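Step one of this worksheet: look at the structure below.
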Amino acid sequence: MGHTLSEKILAAHIVGEQASLRPGDLIEVGVDLILANDITAPIAIREFSRLGVEKIFDPEKVVLVADHFAPNKDISSAEQCLIMSRFANAQNISHHYAVGKMGIEHVLLPEQGLVVPGDLVVGADSHTCTYGALGAFATGVGSTDVAVGMASGCAWLRVPESMRIIYRGQMRPWVTSKDLILHTIGKIGVDGARYRAIEFVGPVVDGLSMAGRFTMANMAIEAGAKAGLFRSDTTTRAYLAQRTNRSYPVYHADPDAEYSSTVEIDVGRIEPQVAFPHIPENVRAARDAGDVKIDQVVIGSCTNGRLEDLCIAADVFRGRKVHSDVRCIIIPGSQEVYLSALRRGFIETFITAGAAVSTPTCGPCLGGHMGVLASGERAVSTTNRNFRGRMGDPASEVYLAGVPVAAASAIAGRIAVPEEVTR
Amino acid sequence: MSAEGRAWKYGDNVDTDAIIPARYLNSSDPTELASHCMEGIDKEFARGMERGDIIVAGENFGCGSSREHAPLAIKEAGVGCVIAKSFARIFYRNALNIGLVILESVPVVEETKPGDRLEFDLATGWITNLTRNRSYQAVSYPPFMQELLAEGGLIEYTRKRIAAGRLPSCASR
């Protein structure tokens, strides 16, 4: 029996002798990169200190990013970041990204060329699965996993079953990869891929840009998946060519690889989507949203904070105004994205339209800062979760959408499709 | 390890924002986190629960974020164990890594009413509903996970490996 892409990457990283590897096996693997942020690193650092190990296994393979509550939103957050920067200095960690250099971690790491195909990445952030877009096996873990990983370079994993999702057909106007993944989550449910690795395949995903692939891999966790992988191809190589000199193996799933299930999706039937509160699987076509008045729009995050996303937003906002009842907050995912958007005139377009533009941060996505919702308020957001209270008060509501719907909704003051405002 | 306590019952897809809202993540102090345990879904829990009480929930408990603050808040609050039909995978590993007992059992969840007294024995995997006088066998753990829980978590397990000179180093990879 052949092996899936995930199984091949895991087999290449296994510690010690193991003749064959099957789904369900508990294995120990060596990792290529370990990630933590200003929320998860402080606990990891505390737990690391309990191990009695002085030095981390490799200062080049640990990445610390201050992105969630940074720029520090309050004194406690400042202290969390301080714990992280002191540790980074003491351990000579060069990949420590603080304000001025930092971006949202899952926008930043690929941009910095820190992940290549075939890598095994663990990160104390659930959206670590984003790097699956590069053909890496990347998965979210906890702070204690990071502590032990920093000491040994190893992690324990259960080999996941793999499921395959095949996308075929022609995408409609204004439909983005965000709509494909929202539709997929609506179809399989928030635990539809629980404990499993998703392989995103088919002609449609082969044609997606890296930004589009990152968006889809990012939300694999919203279907409960352990990882969400794309095969690496010429698009991947072109993206990496400008970003790293590292050589990397290219793994492909065997033709007779075993999948626990296969889902086929005709993208021609998918319209721009919205996930209604309070669970990402509560998806419907934006056109069928009804009259949902909104108070805030957020465009950004590890899901949709890349240059391509801001380019689409600028196309919608150009020559138009944000509705007087709406606060529109646009957050470039990294300094590089911000600078490129500035040079291309997108930032001017946003500010002229009446939107606020922020330095990179996860901020509002998790109700941290930079756009927290009051009781009864509603937001359309290009982020990834709409759990009760996710962006603020437990009586607020979050509607997840792609960039075109978010931008159109900011202009209309209610959930809208782009055709309604761009006519 | 065994314990007895009252059941606090919740539905499917209890997410990590419900267990510990992100606004409290500017602290990693377990006591502080415990004081907000389950606040996103049940404001009465942290005040009303007693040491040893048991959380009983449906499918996909702990879905969402990787925040270890979630199992940490539950453990520090004194919850005896969490019994669910299924767990989200990051929550599952985080719970084992920090030594919070979690058990999977569909019938226990379906047949337990809020306030029932439950008892569990980790060694045997038996859960007893003392109120209804029924016993159930939870889904069993693989040996590695049993060992993790027996040691009290991944840090204790790893310390033992280090002491025995059994920690693999992947630094040379």
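Each value in this text was obtained by applying a stated rule to the coordinates, not by laboratory testing. Values in this document were obtained by computation on a predicted structure and should not be read as measured data. Cβ placement follows ideal geometry from the backbone for every residue including glycine, while neighbour counts extend to all protein chains displayed.
Percent of Cα pairs in chain A per distance bin of 20 Å, from zero to the largest separation: 28, 59, 13, 0.
Phi angles across the stretch A:96-101 convert, under the Karplus curve 6.51 cos²θ - 1.76 cosθ + 1.60 with θ = phi - 60°, into 3J(HN,Hα) values of 10, 10, 9, 3, x, 10 Hz, Gly and Pro given as x. For the peptide A:188-194, the mean number of other protein chain Cβ atoms found within 10 angstrom of a residue's Cβ is 4. In units of the rule-of-thumb radius 2.2 N^0.38 Å, the stretch A:194-321 shows an alpha carbon radius of gyration of 1.25. Taking every C-alpha pair closer than 8 Å and separated by at least 6 residues, the mean separation divided by the residue count of chain A gives a relative contact order of 17 percent. Restricting the count to DSSP beta bridges whose residues both fall in the protein assembly as shown, what percent are antiparallel, rounded to a multiple of 5? Taking every DSSP beta bridge within the protein assembly as shown, about 30 percent pair in antiparallel fashion. Note on B:LYS85: lysines with a C-alpha under 22 Å away, same-chain residues under 8 apart excluded, are A:LYS187, A:LYS226, B:LYS9, B:LYS75, B:LYS113. Determine the sum of side-chain charges near A:ARG231: Lys and Arg each +1, Asp and Glu each -1, restricted to other residues whose C-beta is under 15 angstrom from that of A:ARG231. So the surrounding residues net to -2.
Expressed as a fraction of 2.2 N^0.38 Å, the value expected for a compact globular protein of N residues, the C-alpha radius of gyration of the stretch B:1-110 is 0.93. A simple charge model with +1 on the Cβ of Lys and Arg, -1 on the Cβ of Asp and Glu and nothing else charged puts the dipole of the stretch A:286-423 at about 100 debye relative to its Cα centre. Across peptide B:57-66, the average count of Cβ atoms from other chains found within 10 Å of a residue's Cβ is 6.
What do you get for Rg/Rh of the stretch B:53-173 when both radii come from the Cα atoms and Rh is the Kirkwood radius? Reported Rg/Rh, Kirkwood definition of Rh: 1.03. With one equal scatterer per alpha carbon and no solvent term, the Debye-computed log10 I(q)/I(0) for the stretch B:83-154 at 0.14, 0.21, 0.23 1/Å reads -0.44, -0.91, -1.04.
In a DSSP loop and with at most 16 other Cβ atoms within 10 Å, the trypsin sites (Lys or Arg not before Pro) in the stretch A:49-136 are A:LYS55, A:LYS101.
Comparing B:VAL109, B:ALA70, B:TYR136 along the charge dipole axis of the stretch B:49-173, the residue lying farthest to the positive side is B:ALA70, per the Cβ-charge model. Placing +1 on the Cβ of each Lys and Arg and -1 on the Cβ of each Asp and Glu in chain A, which of A:PRO249, A:VAL63, A:ALA356 has its Cα farthest towards the positive end of the resulting dipole? The residue sitting most towards the positive pole is A:ALA356. All C-alpha pair distances within the stretch A:291-422, sorted into 10 Å bins from zero, spread as 15, 50, 31, 4 percent across the bins. Here the Karplus relation 6.51 cos²θ - 1.76 cosθ + 1.60, evaluated at θ = phi - 60°, turns the backbone of the stretch A:378-393 into coupling constants of 10, 10, 9, 9, 8, 7, 10, 9, 10, 4, 4, x, 4, 9, x, 4 Hz, with x for every Gly and Pro. Which log10 I(q)/I(0) values does the stretch A:100-141 give at q = 0.19, 0.32, 0.33 Å⁻¹ under the Debye formula, counting every alpha carbon as one identical point scatterer? Debye output, listed in q order: -0.48, -1.17, -1.21. Only Lys, Arg, Asp and Glu carry charge here, each on its Cβ (+1 for the first two, -1 for the last two); on that basis the protein assembly as shown has a dipole of about 740 debye about its Cα centre.
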